[in-house]
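In what follows, a structure is listed as structure tokens, so that the remarks can point back to it.
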Amino acid sequence: MEIVQIIRNFATGGAERFAIDLSNRLFKEGHKVTIIRFFDEEDENILESEIDGGINIVTIKKKPGFDFSLIFRVYKYLKKHKPDIVHTHLNAFNYCFFSFFFSRKIKYFHTLHSMPENEAINNIDLYIKKRIFKNRIVNPISISDEVHKESLRLYGKHVKLIYNGRVKPEKTKNYLEVQNLVRKISTPENIPVMINIGSFKEAKNQKLLIELVNELNKEKVQLKLIVLGNPAKGALFDQMAHLADLKNIHFMGMVNNPTDYMYAGDFFCLSSLWEGMPISLIEAFATRCLSISTPAGGVKNMINDGYNGLLSSDFEKESLKSKITEALELSEESKKNIKNNAYNEYVNRFSIEQCTREYIEYFLSKCQ
């Protein structure tokens, strides 16, 4: 098959990471793959180096704000190249609107990377998606049981559930440098180090996590926090840095090797208010970094509390705080069991190989 993936850029978000992993695997399976992106600035494409050299990368530049001209430029490209499959991610859906109706021989798919009402830009966007999905103009794909349940309610019975997948992360050439950094943060008292990954926005709720780590250390419960995935500058960074006790909380900015920190750290923590099926949590399973999380969206379908991670009962600070305290008090044997169970969960449910097989089967079923 000739497959076109469309996503805004190759930044370090979960959707971007997934689109790259899926594209690489599709190419290895013998399919012709093109990725269309809307931004080519270096700082917005930190993962570009991980794309297989056999994949064609096309940039169709987006102007600031909603770019109506982009709808027609995407249509022009797709009309000329006539791929079998177009697979959109995030707001790329909105820029294929003309193509959906005027290049009907192409089969269109859209992955819902978050809860539908959170992914939609506004009520108009949600209404448009409802009409397009229910009329089977585009085939929607959900990524977790929670997202699937909500998608069925909003978009009808034709939503397909395929769990997110991730390539098993390998330690990079910079791992020893990261390991030394984490050890430096941990010593001399050998204080546990917790990793958080995510952009500074409402959904990720890092304010709660920062306040919680501040409180624990004031209560003489020693814990260090490393926050990844955000530029270490700007108004949002200043706000978080002002809130944080910088003796215990370290902002590392955007990195292209976040899993090195998971391998080197003791715990991974999500404080999110909503999620689809977070790629970062799959990475934590794969690297055996003990996971702690709020019950956000698809996380509830991934973590079985006490078995393959620790899951708070709600989104309140005290609930997450109790789970972090529980993690700190676990015996080495209990930690080992939880980490091994999480890794087995990754192998059996969340590998990119399994995920890609399901995508290929679904693509082919719509091409017949």
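Residue-level check: of (1) touching a strand residue (DSSP E or B) at 6+ places or on another chain (Cβ under 8 Å); (2) modelled with pLDDT under 95, Ser99 misses just (2). Considering segment 240-274, the residues that are modelled with pLDDT under 95 and in contact with a Pro (Cβ under 7 Å, 6 or more places away or on another chain) include one that is most open to solvent (accessible area, probe 1.4 Å), namely Met254.
Within segment 307-314, can one find any residue that is assigned to a loop (DSSP other than H, G, I, E, B), acidic (Asp, Glu) and closer than 17 Å to Pro295 by Cβ? Full working, then the answer.
Quick first cut of segment 307-314, residues assigned to a loop (DSSP other than H, G, I, E, B) only: 307-308, 312-314.
From the residues that got through so far, the ones that are acidic (Asp, Glu) too are 314.
Now narrow it down to the ones that are closer than 17 Å to Pro295 by Cβ: 314.
There is at least one residue in segment 307-314 that is assigned to a loop (DSSP other than H, G, I, E, B), acidic (Asp, Glu) and closer than 17 Å to Pro295 by Cβ.
All conditions in (1) open to solvent by 40 Å² or more (accessible area, probe 1.4 Å); (2) in a loop (DSSP other than H, G, I, E, B); (3) touching a residue at least 60 places away in the same chain (Cβ under 8 Å) hold for Ser114, with the sole exception of (1).
Just one of Ile191, Ile195, Ile210 is within 22 Å of Ser291 (Cα to Cα), in a strand (DSSP E or B) and open to solvent by less than 90 Å² (accessible area, probe 1.4 Å); which is it? Quick ask: steps written out before the conclusion?
Details: Ile191 fails: in a strand (DSSP E or B); Ile210 fails: in a strand (DSSP E or B).
None of the other options fit; the residue is Ile195.
The C-beta contact set for segment 205-234 (first residue at positive phi, second residue surrounded by fewer than 18 Cβ atoms within 10 Å (Cβ to Cβ), distance under 6 angstrom, 6+ apart or interchain) comprises Asn205/Leu273; Gly229/Ser199. For segment 155-184, the tally of residues that are open to solvent by 10 Å² or more (accessible area, probe 1.4 Å) and farther than 30 Å from Ile249 by Cα stands at 7.
A residue that is touching a residue at least 60 places away in the same chain (Cβ under 8 Å), within 30 Å of Leu328 (Cβ to Cβ), touching a Phe, Trp or Tyr at 6+ places or on another chain (Cβ under 6 Å) and not basic (Lys, Arg) can be found somewhere in segment 183-198. In the set (1) in contact with a helix residue (DSSP H, G or I) (Cβ under 9 Å, 6 or more places away or on another chain); (2) at pLDDT 95 or above; (3) surrounded by 15 or more Cβ atoms within 10 Å (Cβ to Cβ); (4) not small (Gly, Ala, Ser), the condition left unmet by Pro83 is number (1). Of Tyr95, Tyr108, Tyr127, all but one fail to be surrounded by 21 or more Cβ atoms within 10 Å (Cβ to Cβ), of a type in the set (Ser, Thr, Tyr) and over 25 Å from Phe350 (Cα atoms); the exception is Tyr95.
Evaluate the following for Val74: is it part of a helix (DSSP H, G or I) and open to solvent by less than 20 Å² (accessible area, probe 1.4 Å)?
Yes, satisfied.
Taken together, Ser272, Ser293 contain a single residue that is under 15 Å from Ile143 (Cβ atoms) and either without any contact (Cβ under 8 Å) to a residue 60 or more places away in the chain or not β-branched (Val, Ile, Thr) (or both), which is Ser272.
Only residues that are farther than 15 Å from Met115 by Cα and open to solvent by less than 10 Å² (accessible area, probe 1.4 Å): list them for segment 288-302, please. Before you say what the answer is, go through the steps one by one.
Filtering segment 288-302 for residues farther than 15 Å from Met115 by Cα gives 288-294, 302.
Residues satisfying the conditions are Cys289, Leu290, Ser291, Ile292, Ser293, Thr294, Met302.
Can you go through Glu150, Glu146, Glu119 and tell me which one is buried (at least 16 other Cβ atoms within 10 Å of the Cβ), within 19 Å of Ile7 (Cβ to Cβ) and among the acidic types (Asp, Glu)? Walk me through it before giving the result.
On the way: Glu150 fails: within 19 Å of Ile7 (Cβ to Cβ); Glu146 fails: within 19 Å of Ile7 (Cβ to Cβ).
Sole residue among the options that is buried (at least 16 other Cβ atoms within 10 Å of the Cβ), within 19 Å of Ile7 (Cβ to Cβ) and among the acidic types (Asp, Glu): Glu119.
Restricting the first member to segment 315-333 and to residues that are of a type outside the set (Asp, Glu), and the second to residues that are assigned to a helix (DSSP H, G or I) and buried (at least 16 other Cβ atoms within 10 Å of the Cβ), the beta-carbon pairs closer than 6 Å and six or more apart or on different chains are Lys317/Leu208; Lys317/Leu212; Lys321/Leu212.
The values are calculated or read from the model by the stated rules, or taken from the named source; none is laboratory data. Given the structure is predicted, the values throughout are model-derived calculations rather than measurements. Don't worry about glycine lacking a Cβ; one is built from the backbone with ideal geometry, like all the others, and counts go over all protein chains shown. Please note that ligands, DNA and RNA were not included when accessible areas were found on the heavy atoms of the full protein model with its side chains. Shrake-Rupley method; radii C 1.70, N 1.55, O 1.52, S 1.80 Å.
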